[in-house]
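Structure first, commentary second.
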Amino acid sequence: MRIKVLKNVLEKNDNQAQINRDLFKKNRVLAVNIMGSPGCGKTTLIEALINVLIPSYRIGVIEGDYAGTVDAERLSRYHIPVVQLDTSSCHLNAHFVGSALDHLPLRDLDFVFIENVGNLICPAEFDIGDLLKLVLYSIPEGDDKPLKYPLMFSQADAVVLTKSDLKPHFDFDVKKVRESIARLNREFEIFEFSKKSHSSIKPIANFLESRFRATVLKSYGDL
Ligand code: MG
Ligand code: ZN
């Protein structure tokens, strides 16, 4: 019986995810689902992206946290729309995100960054209606993670290796990581990012800009 209940839950989730996705498309917003372990640097990456993109793009953020509002407070200094979801759950689902969308001026935004709950497992199981998935993965976590969390890495449009300044201190084989992800995922980009290197955010921002142009402006331009 448990299987039936779970199937029902996922079906309802998928229906709401489609509603969210349609809303993003209609408003020409690139919704980016940002996933990764606790402490891998999701909020730090969002801050760096805001700094680079804000002169040319309008950005909103949905912060999913198991508890507390620390990350949303961190982002408040950018004076952009931020919605905090206090989930008491180990992942975001489409209904959480749908309720946040009521509080975002979607029509006036280009990007919505959705920081998922820190966890490499179930965020991959719940479609939230995003149009792009970034999976963050910090050097100290070790180079075996794609083998342990295949679903997460199989879905990534891009994998960002964070805290890359720590590479000299860890036995982390980037080539091995790239190969293990390539076995799971036909098409993905891989980036290295360190908040200590200001230039390392540029290729990631360029990637998002090109996806914004290709996905949102081209495909949905006539909606
Ligand atoms: Mg965070
Ligand atoms: Zn979960």
Self-check item: Cβ-Cβ under 8 Å pairs, at least 6 apart or on other chains, the range 38-59 side of a type in the set (Asp, Glu), far side not in a loop (DSSP other than H, G, I, E, B)
Solution: Glu47/Arg74; Glu47/Leu75; Glu47/Tyr78
Practice problem: Just one of (1) at pLDDT 95 or above; (2) part of a helix (DSSP H, G or I) trips up Tyr57, so point out which. | Solution: (2)
Self-check item: Qualifying residues in the range 79-94 (those that are within 13 Å of ligand 1 (Cβ to nearest atom) and aliphatic (A, V, I, L, M)) - the one least open to solvent (accessible area, probe 1.4 Å)
Solution: Leu92
Exercise. Please name all residue pairs, on different chains or six or more residues apart, with Cβ atoms under 7 Å, provided the first residue is in the range 73-84 and is part of a strand (DSSP E or B) and the second residue is open to solvent by 40 Å² or more (accessible area, probe 1.4 Å).
Key: Val82/Ser76; Val83/His103; Gln84/Thr69
Quiz item: Within the range 96-126, can you find the residues that are over 26 Å from Leu217 (Cα atoms) and away from ligand 1 (no atom under 16 Å from the Cβ)?
Solution: Ile121, Cys122, Ala124, Glu125, Phe126
Self-check item: Residue ID - nearest to ligand 1 (Cβ to nearest atom), chosen from residues in the range 57-70 that are surrounded by fewer than 19 Cβ atoms within 10 Å (Cβ to Cβ) and closer than 17 Å to Gly36 by Cβ
Solution: Val70
Quiz item: Can you name the residue in the range 28-53 that is within 14 Å of ligand 1 (Cβ to nearest atom) and of a type in the set (A, V, I, L, M, F, W, C) and is also most open to solvent (accessible area, probe 1.4 Å) among such residues?
Solution: Ala48
Quiz item: Could you list, in sequence order, the residues of the range 95-107 that are assigned to a helix (DSSP H, G or I), open to solvent by 30 Å² or more (accessible area, probe 1.4 Å) and not basic (Lys, Arg)?
Solution: His95, Phe96, Ser99
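The values are calculated or read from the model by the stated rules, or taken from the named source; none is laboratory data. What you see is a predicted model, and the numbers here were worked out from it, not measured in a lab. Neighbour counts are summed over all protein chains in view; Cβ atoms, including those assigned to glycine, are modelled from backbone coordinates with ideal geometry. With ligands, DNA and RNA removed, areas are computed over all heavy atoms of the protein, side chains included. Shrake-Rupley method; radii C 1.70, N 1.55, O 1.52, S 1.80 Å.
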